[in-house]
Structures are given as structure tokens and as C-alpha cells.
Amino acid sequence: MGLNPVRQWLYLALEEQKGNAWARLINRFLMLLVVVNVVVVAVESEHSIYVAHEPFFWWFEVFSVAVFTLEYVVRAWICVESSQADFQRPLEGRGRYLLSPKALVDLVAILPFYLSFFFGVEDLRVLRSLRLLRLLKLTRYSHSLGLLLAVLRQEADNLVSALFILCMLILLSATGIYLAEGHVQPDEFGSIPRALWWSAVTVATVGYGDIVPITLVGKVFSGIIIVTGIAVAALPAAILASGMINELKRRRENFRFELVRAMESGQLDFGGLRYLEKMRVSIGISRADARLVFEEVK
């Protein structure tokens with residue numbers, strides 16, 4: 001078997017998650033390794049446990065980084081098998097792939113280890129905690145997370161606008177409470193930067209109660225900000241919910257289109273049903289929704 005067949009098999013196994021039992025085994029092993037890494041990072045944050053089992057944590061980290069580094073290199077090698085023309089050129093395509101979001105996530109997963117190893121950082125708590133970013137690697141295997149990322153990309157402009165409005169309200173409320181309470185509580189509201197914590201908590205309607213206004217003007221102003229914050233702070237969630245609904249509708253329509261085409265061409269046999277089932281899983285439609293679409297089309 002030449003290099004191209006091996007590269008094609010690895011591409012189908014890793015990027016398309018298709019293939020024989022070995023391909024499924026590789027993907028499940030990588031998923032399991034990511035989950036175990038997250039558990040290990042959380043457990044070793046307990047200092048007594050880390051000191052008692054330090055050699056185990058060290059060798060497990062070395063093993064994990066070796067696997068993830070090999071995966072990173074292999075994915076960069078096989079990306080030229082992609083159906084996207086941008087990745088098909090040997091040098092330029094691999095360069096584009098290495099700058100793609102998925103490749104950057106893979107790089108971040110192994111970068112803390114190499115930073116601590118080559119630069120000899122004394123306090124490794126931050127670098128150890130950064131290994132939790134390996135959890136992002138599960139976006140390759142979770143269709144639900146893939147759906148969320150697709151919605152975030154589609155609604156990015158609207159989300160940025162909503163967050164900008166939210167930041168403006170936080171700044172304006174901090175300015176208002178500074179004018180109303182700054183002379184009474186200089187330690188808490190003596191400047192706009194000092195009032196930002198109260199402003200963020202109030203706009204988000206969290207209300208920790210650690211800092212509260214005591215003047216009548218401050219209380220009335222706080223009430224106005226709380227009511228306004230209920231509407232403004234809910235905008236990002238509303239945008240995400242609307243985007244999620246629209247994306248699910250679009251995916252259902254794509255599934256409906258494929259189902260209608262299979263019925264009209266008479267290809268609704270075992271092979272056709274198996275293709276539709278794989279499509280259902282890949283686009284994240286539940287079995288109940290797929291059954292409903294099937295009954296409607298039939």
C-alpha cells in the first residue's frame with residue numbers, strides 16, 4: 001500500500017470519522033484520552049494528591065502530549081486529502097490548515113507542556129490549568145458542540161453588537177452610580193473604574209450584595225439599571241436561541257430534501273436508509289425529529 005492510500009484512510013478516519021473498526025477505535029481512544037486528561041487536570045489541582053502521585057501525573061502528561069503531538073502532525077500531513085481546494089496544495093494548503101480553528105485548538109492542547117518544558121517555568125499552575133483547553137478537542141467528535149460553533153459563526157455580528165450594547169450600559173451605569181454615590185461611598189464608588197464591578201453585577205442582575213447604594217438617588221438609579229439590564233443582558237442568549245432554532249430548521253430542511261430525493265429515485269433501500277441515518281447523526285438531528293420528517297414526507 002502506497003502513501004496516498006494510507007493518507008486517504010487516515011483522512012477518512014480522523015477528519016471524516018469514517019472507516020472500519022480500527023478507525024472507530026482510534027477516534028474513541030482520542031475522545032477518551034481528552035476526557036481523562038480533563039479529569040486528571042482537575043484532580044491534580046489538589047496539592048496533596050499531586051505530591052503523592054507526581055510521577056504518575058508526569059508520565060501521563062508525557063504520554064498524552066506525545067499522542068496529541070502525533071495527532072497534530074498527522075492531521076497536518078493528511079489535510080491535502082480534503083475536498084476543499086484551499087487545503088489541497090502541499091505547502092500552501094498545509095499552511096492554511098495550521099491556521100484553521102481546529103488546528104489551533106490542537107496546538108493549544110500541547111503548547112502548555114512545551115512552554116513549561118523548554119522555558120523552565122517555576123509556577124506551573126497556570127500552564128497546568130490551560131491543559132483544560134484540551135476539552136475543546138471534543139468539538140471534533142460532538143455534533144452538539146459543532147452545532148453551537150456553527151451558530152456562533154453565523155450570529156457573530158449580532159452577538160458582537162449585543163455585547164457592545166451591554167458594555168456601553170455597564171460603562172454608563174458605572175458613571176451614573178459614581179455621580180450619585182461617589183461622594184458618600186468613596187471606597188466603593190469613588191471613581192468610574194471602582195464602580196465597574198457593581199455596574200457589571202447589577203446589569204447582569206446577579207446582585208451579590210457586597211456593594212449597595214445607600215442614597216435615594218442611588219437606589220432609584222439602581223432600580224432603573226436593573227430593569228434595563230434584564231432586557232439588555234438577555235440579548236446574547238436570545239440571539240443564540242434564535243440562531244440555534246434557525247440552524248436546526250435549515251438542517252431539517254436539508255434532511256427533508258435528501259429524504260424526498262431518495263423516495264423519488266426509489267433508493268430508499270437498506271443503503272439509502274443507512275446514508276440517511278449517517279446524515280442525521282452528522283447534522284445533529286434527533287431520531288424523533290427525523291421520524292417526524294419521514295412521516296411528513298411519506
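Observations on the model:
- Shape box of region 169-255 [Cα atoms, principal axes, largest first, Å]: 63, 21, 20
- Mean sequence separation of contacting Cα pairs (under 8 Å, at least six apart), scaled by the length of region 236-297, corresponds to a relative contact order of 44 percent.
- Span from the region 144-166 Cα centroid across to the region 169-203 one, whole angstrom: 29 Å
- P(r) for region 3-141, from all Cα pairs and a bin width of 10 Å, is 11, 39, 31, 15, 4, 0 %, short bins first.
- About the Cα centre, charge dipole magnitude for the chain (Lys/Arg +1, Asp/Glu -1 at Cβ), debye: 1020 debye
- Residues listed by number, region 279-298, amide nitrogen under 14 Å from Arg252 label point at 7 Å toward C-beta: 284-297
- Count of Lys pairs (Cα-Cα under 21 Å; at least 8 positions apart or interchain) in the chain: 7
- The calculated P(r) of the chain, using every Cα pair and 10 Å bins from 0, goes 5, 18, 20, 23, 19, 10, 4, 1, 0 in percent.
- Cβ-Cβ FRET estimate between Lys278 and Val51, R0 fixed at 45 Å, reported to 0.05: 0.40
- Applying 1/(1 + (r/R0)^6) with r as the Cβ-Cβ distance of Ser286 and Val6 and R0 = 30 angstrom yields a FRET efficiency of 0.25.
- Net length available on complete extension from Ala204 to Ile192 is 2.6 nm, with 0.36 nm assigned per residue and the Cα-Cα distance removed.
- Computed from the C-beta positions of Val67 and Leu104 and an R0 of 25 Å, the FRET efficiency is 0.85 to the nearest 0.05.
- Using only side-chain charges placed at the Cβ, +1 for Lys and Arg and -1 for Asp and Glu, the dipole size of region 26-121 relative to its Cα centre rounds to 380 debye.
- With the helix formula -39500 (n - 2.57) applied to DSSP H stretches of n ≥ 4, the chain reaches a computed 222 nm mean residue ellipticity of -25000 deg cm²/dmol.
Bear in mind these aren't lab numbers, they're just calculated from the coordinates by the rules spelled out. No experiment lies behind these values; they were computed from the predicted model shown. Using ideal geometry, Cβ is built from the backbone for each residue, glycine included, and neighbour counts are taken over all protein chains shown.
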